[in-house]
Amino acid sequence: MAGVAGTLLQARTARRQRDFAFRQLSRAEAINDLNTLLLSDLAPSGKPFTVDELLARAEHIVGRQHGGSDADRVELLISIGRQYTVQGEYEKARELLEEAHRLSLALPESSTRARALCGLAQVLSRGTDLPRSEMLFQQGMRELPNEPMFALDRVSCLLFGSEIAQNRGDASEGITRAQAAEHLLNQWPYRSDGMELNTSITLPVL
């Protein structure tokens, strides 16, 4: 009986990991499809375009989409919202990430809900809504089980949480969260150059 129970548990774990991998692949494909559509739509015109124009076009395309899953739509909104954040367009980022958060509440994928929560929390911390920012960050972290498949999502949320703490003047907590992200990343069996770079930048700044 113990052997059967162990086998069933292993099968269940493998099934969860497989389903999670498929969802990650679907997310990557949706973002890649959007990028391809943007380039194929704009490139033939031969006219130069700015990053803001590209993002506005992406936002328009996602806004008029009726096909595809809600999960893909949320992931696209998160991706565009993050790009607006990088460009310093915080109000535009907030609008998209608020929508992503709203839609994510009905999804079963905890990692998607967490990304929407932590992304929105980071943007809000750039303004005056720091209490809600911290609350959303904490909710995002609770959405992510302490399991290897969620490690990179936890690292990303912790780095956002580090910035949130810094923005409210708590440098000590900011360092603690950035160090937790670094520790988790060091335990990850695969390299993630982007995450390593983000972590290495965050710690010296703090």
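The values are calculated or read from the model by the stated rules, or taken from the named source; none is laboratory data. Everything quoted here is computed from the prediction, not taken from an experiment. All Cβ positions, glycine included, derive from the backbone under ideal geometry; neighbour counts span all protein chains shown.
Taken together, the residues in segment 136-172 that are in contact with a helix residue (DSSP H, G or I) (Cβ under 8 Å, 6 or more places away or on another chain) and either of a type in the set (Asp, Glu) or within 28 Å of residue 108 (Cβ to Cβ) (or both) amount to 24.
Collect the residues in segment 142-153 that are basic (Lys, Arg) and in contact (Cβ under 8 Å) with a residue 40 or more places away in the chain, keeping them in residue-number order. Spell out the reasoning first.
Initial filter on segment 142-153 (basic (Lys, Arg)): 142.
None - no residue of segment 142-153 is basic (Lys, Arg) and in contact (Cβ under 8 Å) with a residue 40 or more places away in the chain, so the list stays empty.
Please indicate, with yes or no, whether at least one residue in segment 154-164 is surrounded by fewer than 16 Cβ atoms within 10 Å (Cβ to Cβ) and at pLDDT below 95. Taking every residue of segment 154-164 in turn, none turns out to be surrounded by fewer than 16 Cβ atoms within 10 Å (Cβ to Cβ) and at pLDDT below 95.
Here segment 83-112 is the region considered, the condition is being among the aliphatic types (A, V, I, L, M) and in a loop (DSSP other than H, G, I, E, B), and the residue that is surrounded by the most Cβ atoms within 10 Å (Cβ to Cβ) is 107.
Here's the yes/no breakdown for (1) acidic (Asp, Glu); (2) touching a Ser or Thr at 6+ places or on another chain (Cβ under 9 Å):
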position	(1), (2)
134	yes, yes
139	no, no
143	yes, yes
150	no, yes
155	no, yes
162	no, yes
167	no, yes
173	yes, yes
176	no, yes
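The single condition from (1) surrounded by fewer than 17 Cβ atoms within 10 Å (Cβ to Cβ); (2) within 19 Å of residue 77 (Cα to Cα); (3) modelled with pLDDT of 90 or more that residue 121 fails is (1).
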